[in-house]
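I have placed the structure first, in the form of structure tokens, so that the comments after it can refer back to it.
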Amino acid sequence: MNDIYKNEWKEYVDVCVVGAGHAGCEAALASARLGLNTVIFTVSIDSIAFMPCNPNIGGSSKGHLVREIDALGGEMGKNIDKTFIQSKMLNISKGPAVHSLRAQADKSDYSRSMRHVLENQDNLTVKQAEICDLIVEDNKVKGVITNTGTTYFCKAVVLCTGTYLKARCLCGESITYTGPTGLQAANHLSQSLINNGVRLRRFKTGTPARMDKRSIDFSKMEEQFGDERIVPFSFSTDPDSIQKEQVSCWLTYTNEETHKIIRANLDRSPIYAGIIEGTGPRYCPSIEDKVVKFADKERHQVFIEPEGLYTNEMYVGGMSSSLPEDVQLKMYRTVPGLENCKIVRNAYAIEYDCLDNGQLLPSLEIKIIHGLFCGGQFNGSSGYEEAAAQGLIAGLNAALQVLGKDPLILDRSEAYIGVLIDDLVTKDNREPYRMMTSRAEYRLLLRQDNADLRLRKFGHDVGLVSDDDYKKTLDKEKMIKDEVERLKSVHVGGSKNVQEFLEAHNSSTLKTAASIAELLCRPELSYEDLYVLDSDRPSLPNEVIEQVCIQIKYEGYIERQEHQVKQFKKMESRHIPDDINYDDVSSLRLEARQKLKEFRPLSVGQASRLSGVSPADISVILVYLEQFNHKK
Ligand SMILES: Cc1cc2nc3c(=O)[nH]c(=O)nc-3n(C[C@H](O)[C@H](O)[C@H](O)COP(=O)(O)OP(=O)(O)OC[C@H]3O[C@@H](n4cnc5c(N)ncnc54)[C@H](O)[C@@H]3O)c2cc1C
């Protein structure tokens, strides 16, 4: 037990959530909404759902996560729909699998709004306190102790400590032992975790400087506008209620002058001077890394984004750094439009403790401590959306365990959340894990537009989605199915007005009758165009029409992927007994035996995704399991 001051005060609750960042908020709301007496702790109540880095929610694959969180009954989607200041659907010129919503948030509004939700949630108590110690008896968590020595006994704990554990911030030679933007770090809990057998490691991430808007010359930049018609993140948000005036973002570029200054000062970069111990995200590189690793690139994009409506702070996206302040000023002032920029907050890197690989079950419970669940950056991920998704699942599963129910585990064919958690649980991640569409092998099925059709049932089954919201999804599902069938049943022949219509749309004329569905498969014909040939159609909501068109236009691809999913599910359903002794499985390769003993996968499917386990090893395991079952 850590030697902190202990007072006599004891509280008895069901679930304790350590952290009120993007993960902690979702975890605490899920637990409280299932009726459990829940407490959420943070070192600073003023930093609830704080966005220490980019002022936006969503983007490629991250937009999918936000939609899935919403479909399951989480809060992030609703919160950004209330607090966004610009919204844009990305990748609209590509296929629906990579369409992804991204919204610029008013950061302080986002935090204030989430705080309001937490403070008014039944069964939930918000407490400003640092958790310094875990109480663990016989490998079961029993409670937590605060920095003031108060003990909270509980049945489950959810750790969502983000970038705060043993955090230190580096800006050139200046090192401060704080959390993000000077918030208090959490310096005690790491030792308590280590004392209880949990393995930790150091990760790092970085953020760019913030500039005073009045010191920026926007005439030298390209203005980036939001979409005319704004699409909400939440399936519960009425699209008409969020149409509003939006702010702009701005695009500019670094240049050879910028790169020269950076190269000349790499020795003063804590990253390149070897002062930083933690590993950073390759997919979110600092400007130093970009200049060194992509030396052939003449320029790098820089996005100037407003941090909110009531502040002049502008975020300099694409130029995160930990170079000293004097170098930062020189480098930023070489960027067109920033020649006279004034830095409001310096760029910096932050290092922190987080969980090492291989210690989590797919439910996000720690393998060696029953009742201890983990979510967010603490699990080795990076990003608000990745954090919120894990927080929701960790909080939900902690609550379900307290209620004596089975955990919710989504697999890779059901959700990006399933891909995220499976990768965090099975992969040997050596850097902060960031979601990307390329990670999801079944991404044509896991689109952001159908997250409700895929996940509302799960949310309703666990009690997070209301009967009303679930019924709306069932009604939508029926409308889609009926309309797809109708379009396949309505046929048109080669009459004069049909042929003229087709010619007018540069579409080949008909030799035989065709269904409206067949015509809809033609890229040059849209559902709206075909009204001329199909005027008896029912009037349907846009989101239903969107689904109908995707299901008809991509039918072949979707069927092929559904077939692949069948194969995948077969391997996922081949469970591996808990007590298997891999030393008994002869002809397993040494590396595979070591990995299997370390990770102890739950299914053959999971085993097949472990690095170092080959398809040949999987065949060996399958044969062994056959014999094993026969012997039983
Ligand atoms: C400087 C910086 C740069 C970043 N850059 C990027 C980036 O470029 N791209 C990207 O995708 N993501 C980036 N991130 C990460 C992003 O901010 C996080 O992914 C996200 O905030 C993680 O959410 P979380 O809920 O896991 O943790 P956090 O948002 O960090 O919240 C942690 C919470 O835990 C609380 N807490 C911690 N320990 C204790 C304790 N012992 N007792 C009580 N409360 C405690 C804190 O008060 C806080 O409320 C950056 C973060 C920082 C700090």
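The values are calculated or read from the model by the stated rules, or taken from the named source; none is laboratory data. Just so you know, these numbers come straight off a predicted model, no measurement behind them. Quick reminder, even Gly has a Cβ in these numbers, built from the backbone with ideal geometry, and neighbours come from all protein chains shown. For the accessible areas, the whole protein counts, side chains as well, though only heavy atoms, and no ligand, DNA or RNA atoms are used. Shrake-Rupley method; radii C 1.70, N 1.55, O 1.52, S 1.80 Å.
What the table shows:
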| quantity | calculated |
| --- | --- |
| Single residue of region 569-627 satisfying the filter (β-branched (Val, Ile, Thr) and assigned to a helix (DSSP H, G or I)) that is most open to solvent (accessible area, probe 1.4 Å) | 623 |
| Subset tally (residues that are open to solvent by 10 Å² or more (accessible area, probe 1.4 Å), within 29 Å of residue 266 (Cβ to Cβ), within 10 Å of the ligand (Cβ to nearest atom) and not polar (S, T, N, Q)) for region 184-210 | 2 |
| Some residue of region 212-219 being among the charged types (D, E, K, R) and either on the phi > 0 side of the Ramachandran plot or within 24 Å of the chain's Cα centre (by Cα) (or both) | no |
| Subset tally (residues that are more than 16 Å from the ligand (Cβ to nearest atom) and in a loop (DSSP other than H, G, I, E, B)) for region 429-444 | 6 |
| Residues of region 295-313 satisfying the condition of being open to solvent by 90 Å² or more (accessible area, probe 1.4 Å) and more than 28 Å from the chain's Cα centre (by Cα) | 296, 297, 298, 299 |
| The one condition in (1) assigned to a loop (DSSP other than H, G, I, E, B); (2) among the hydrophobic types (A, V, I, L, M, F, W, C); (3) open to solvent by 10 Å² or more (accessible area, probe 1.4 Å) that residue 89 fails to fulfil | (1) |
| Scope region 378-428; condition open to solvent by less than 10 Å² (accessible area, probe 1.4 Å), away from the ligand (no atom under 16 Å from the Cβ) and under 14 Å from residue 17 (Cβ atoms); matching residues | 397, 399 |
| Extreme residue, farthest from residue 160 (Cα to Cα), among residues of region 350-377 that are in a loop (DSSP other than H, G, I, E, B) and in contact with a Phe, Trp or Tyr (Cβ under 6 Å, 6 or more places away or on another chain) | 358 |
| Failed criterion for residue 247 (all others in (1) at pLDDT 95 or above; (2) open to solvent by less than 30 Å² (accessible area, probe 1.4 Å) hold) | (2) |
| Boolean, residue 79 is without any contact (Cβ under 8 Å) to a residue 60 or more places away in the chain, closer than 30 Å to residue 314 by Cβ and within 16 Å of the ligand (Cβ to nearest atom) | yes |
| Answer residue from region 153-173, given it is within 19 Å of residue 395 (Cβ to Cβ) and more than 7 Å from the ligand (Cβ to nearest atom) and is most open to solvent (accessible area, probe 1.4 Å) among those | 155 |
| Search result, residues across region 326-365 that are of a type in the set (A, V, I, L, M), open to solvent by less than 30 Å² (accessible area, probe 1.4 Å) and within 16 Å of the ligand (Cβ to nearest atom) | 347, 349, 350, 355, 360, 364 |
| Extreme residue, farthest from the ligand (Cβ to nearest atom), among residues of region 174-183 that are surrounded by fewer than 19 Cβ atoms within 10 Å (Cβ to Cβ) and assigned to a helix (DSSP H, G or I) | 182 |
